[in-house]
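All remarks here apply to the structure that follows.
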Amino acid sequence: MKDYETLIVNKKGNVVTATIHRPNSKNAIDIQMLNDLSGLMEQVEDSHDVDVLVLQGDGDIFSSGIDLSAFSPEKTLDVHGIHKWEKMCRQLERLDKFTVAAVNGDCIGGGAQLVLACDARIGTTKAKFQLNEVKLGFLPGMATFRIAKYIGLGRAKNLILTGKTFTGSEAQQLGMLDEVCEYKDFDALLESTINSLLPFNPVALQMGRRLLNECYAETYEDFLGDFLAAQHRCLNSESFKKLVIKAKKDQTS
Amino acid sequence: MIAHTPPNQNAVSRRPRIVSVGTANPPRRYTQDEIIELFGETDKRITRFFKSHHIKTRHLYLPDPVNGKIPNESNQDLSDRHMNGALELGPIAIENCLKPLGLSPEDIDYLCCISSTGFLCPGITAHLTKNMGFRDNVHRFDILGMGCNAGLNGMRPITGLTHANSGKLGLMLCVEICSAAYVYNKSLVTAVVNSLFGDGVAAALIRDDQSDDWQRGPQILDFESYIITDAIGTMRFELEGSKQSFFLDRDIPYVLGNHVENPINRLLGRNNLKLRDINHWVVHSGGRKVIDAIKYNLGLTNHDMRHTLSVLKNYGNLSSGAFLFSYNELRREGVIREGDLGVAITMGPGASIETALLSWKS
């Protein structure tokens, strides 16, 4: 795997682990990290021997959110840069691999936005989330689009408009995290989470995930059309053909 | 795998551009409900095809109703409608295409007319040359019966000719008077067709001229064709009494979707591009199912397909010229930036999938 300035990337078998690494800035997100994450998405997308991408933070922090110190009143962040961030999040959300967010410690703002884009989301009891952008005077990105789908509109309003912090356990109760454990058990939880996702059927993963992501946005008729097209593709995939051959074989033997 | 040299690696790196597109439709526009009313159709199994909200209106050359209903039409009536429609709308579309550049028919060196909704001999190019004043030595060719994909099948030789003869002007005209191919016999097969296709004509001007920049239009970098020969019978004209009636197989939209990656991967692969590098998609508005299938097989969004969807909604399936209507909507939107890349996809009988790679580089 390629080296990145703000990410430590390791590949073990079919699993790539990207660790957010800006030790002097509490893993805050700057332009370099955005570029690194974009590069990582392309690299993982192009790797045919990768089934799973894990995102985690270095040390006892996932990310402290956007690095406001990287900007100055004269040279403020423009919407073009914001769009680039959202493109990267979308690429993560639609990646043709399984994606896992493993959260320990603070996971603020943009960090939480990354988590919402992943297929599986796990944390430790030390995880602490906050989407405090509105409190600060801007917006928590397209988390505004995603979070209510996980936790419901009322809870989403509460979290986004108050900017309050919530723990890993609370995030699990809300439905944002799938599972939470003590830090000492985190490696085992990550491993069992990955195993629960595999085996990897890239076509079914992409079709199923896309339908789920779009299920709140379309009418029944439009969605049915999409579903039929997606299912047609799955039924004509190599893995489904193998399944049918195996079923025939099992029946005759 | 077929060996193929990427054409953009040729000595001359400049490629012909689509420098203008003009369109035209019959003056009368019908809602789906109005058409059901005119045909006096009450069978729910048939009217449901007209109720899909993916098509709101279509421009059609329907005959004047007699006692509120469409009269029975002879083969001659339909054939006349095709010729009259072609010779009424063709010149309007051509003028809409040429006028913005201050050009007229006599400037055109290559003229290609495409149609699958009627048969004329002499062809449409001959009639238009007489009616519009193209030169007597204009290099003409007519492409008949290739179906909805044919716009790119015509663009390919025009692109080749203009590339080999820089400065020369190539004009392509897609003429589809689909209402001249309607057969009304109360069957579900014809209901599918009668509820889907609309009338429209589109002209595209192509030239290879160093004075054109990206704002004038995209360079046509490459083409890739694909034919699914197993599906040769899935979309076809067949005789229904004395009339040619178009037949569309129920599952062909999904089969096309399922194969679309093949030409796209070849087209992008040999140009060292990935799907994510493509900014704009110009896709034939074939119908709701095939649009869904292409979306899910290429991972495209409703936003990527917005012009394809809106052309379907406002015009129905315009056959070979539909992708040029989408192209014009994209242009009018004003979102294209220098250096952007686009892919055009048309699909139709064969079953065929035709693709082209467009580049808005200077």
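Every read-out reported here was derived from the displayed coordinates using simple, explicitly stated rules and does not represent laboratory data. Keep in mind the model is a prediction, meaning the values are calculated, not measured. A quick note on method: Cβ atoms are made from the backbone with ideal geometry, for glycine too, and the neighbour counts reach across all protein chains shown.
For a Förster distance of 30 Å, can you work out the FRET efficiency between the beta-carbons of B:His139 and B:Ser13, rounded to the nearest 0.05? Working shown, then result.
Details: r = 25 Å, r/R0 = 0.85.
Efficiency for this residue pair is about 0.75.
Is any helix in chain B, taking whole DSSP H runs, at least 24 angstrom long along its axis by alpha carbon and on average at least -0.5 on the Kyte-Doolittle scale, and which ones? Provide the component values of the computation, followed by the final result.
Details: long enough: B:75-98 (34 Å, -0.28).
Membrane-span-like by this criterion, though nothing is claimed about a membrane: B:75-98.
Could you work out how far the C-alpha centroid of the range A:59-123 sits from that of the range B:214-237, in angstrom?
40
Which lysines have a Cα lying under 25 Å from the Cα of A:Lys164, excluding residues fewer than 8 positions away in the same chain?
The reachable lysines, counting only those whose Cα sits under 25 Å from A:Lys164, are A:Lys26, A:Lys126, A:Lys128, A:Lys135, A:Lys149.
By how many degrees, 0 to 90 and rounded to 10, does the Cα axis of helix A:220-235 deviate from the longest principal axis of chain A?
It is inclined by approximately 60 degrees.
What is the mean number of Cβ atoms from other protein chains located within 10 Å of the Cβ atom of each residue in peptide B:248-259, rounded to a whole number? Walk me through the intermediate numbers first.
Values: counts 0, 0, 0, 1, 0, 3, 7, 2, 0, 5, 6, 1.
Across the residues of B:248-259, the mean count of other-chain Cβ atoms within 10 Å is 2.
Distance between the C-alpha centers of the range B:298-353 and the range B:69-132? Whole Å please.
So the two Cα centres are separated by 23 Å.
Taking only Cα atoms, what is the 0 to 90° angle, nearest 10, from helix A:31-46's long axis to the longest principal axis of chain A?
10
Classify the range A:162-248 as rounded, prolate or oblate, taking a ≥ b ≥ c as the square roots of the eigenvalues of its Cα gyration tensor: rounded when a/c is under 1.5, otherwise prolate if a/b is larger than b/c and oblate if not. Write out the running numbers ahead of the final one.
Details: a/c = 4.55, a/b = 1.45, b/c = 3.13.
Because a/c hits 1.5 or more and a/b fails to exceed b/c, the range A:162-248 counts as oblate.
Given only helices, namely DSSP H runs of n ≥ 4 each adding -39500 (n - 2.57), what is the per-residue ellipticity at 222 nm of chain B, to the nearest 500 deg cm²/dmol?
On the way: 11 runs with 123 residues, N = 362.
Helix-only estimate at 222 nm: -10500 deg cm²/dmol.
Report, by chain and number, residues whose modeled amide H sits under 5 Å from the one on B:Ile143, excluding near sequence neighbours (fewer than 5 apart, same chain).
Excluding prolines and chain starts, which carry no amide H, the hits are B:Cys113, B:Ile114, B:Ser115.
What are the residues whose amide H is under 5 Å from the amide H of B:Ser20, where those residues sit 5 or more places off or on another chain and H is modelled from the backbone?
Here B:Leu205 satisfy the definition.
Taking the 0 to 90 degree range and rounding to the nearest ten, how far is the long axis of helix A:186-197 tilted relative to the main principal axis of chain A, both from C-alpha atoms?
The angle comes out near 40 degrees.
Out of A:Phe145, A:Ser63, A:Asn158, whose Cα points farthest toward the positive end of the dipole of the range A:7-197 (charges: +1 Lys, Arg; -1 Asp, Glu; placed on Cβ)?
A:Asn158
Using alpha-carbon pairs under 8 Å, 6+ residues apart, how would you state the relative contact order of chain B in percent?
This gives 23 percent for chain B.
Less than 25 Å apart at the alpha-carbon level, and either on another chain or at least 8 residues along: which lysines does that give for B:Lys313?
Hits, sequence-local ones excluded: B:Lys44, B:Lys51, B:Lys56, B:Lys69, B:Lys186, B:Lys289, B:Lys295.
Dipole of the range B:18-207, Cα-centred, from +1 at each Lys and Arg C-beta and -1 at each Asp and Glu C-beta, to the nearest 20 debye? Please list the in-between numbers first.
Values: 18 positive and 18 negative charges, 107 e Å.
Taking the Cα centre of the range B:18-207 as origin, the dipole is about 520 debye.
Between A:Lys2 and B:Arg306, what is the FRET efficiency for a Förster distance of 45 Å, r being their Cβ-Cβ separation, to the nearest 0.05? Present the calculation step by step, with values, prior to reporting the outcome.
Working: r = 35 Å, r/R0 = 0.77.
The formula returns an efficiency of 0.80 here.
Is there a simple number for the mean count of other chain Cβ atoms within 10 Å of the Cβ of residues in A:225-236, and what is it? Could you put the intermediate results ahead of the total?
Working: counts 9, 5, 2, 6, 14, 6, 2, 11, 7, 1, 2, 6.
Mean inter-chain Cβ contacts per residue within 10 Å come to 6.
Testing the spin-label approximation: label points 7 Å from Cα along Cα→Cβ at A:Asn195 and B:Arg332. State their distance in nm.
5.9
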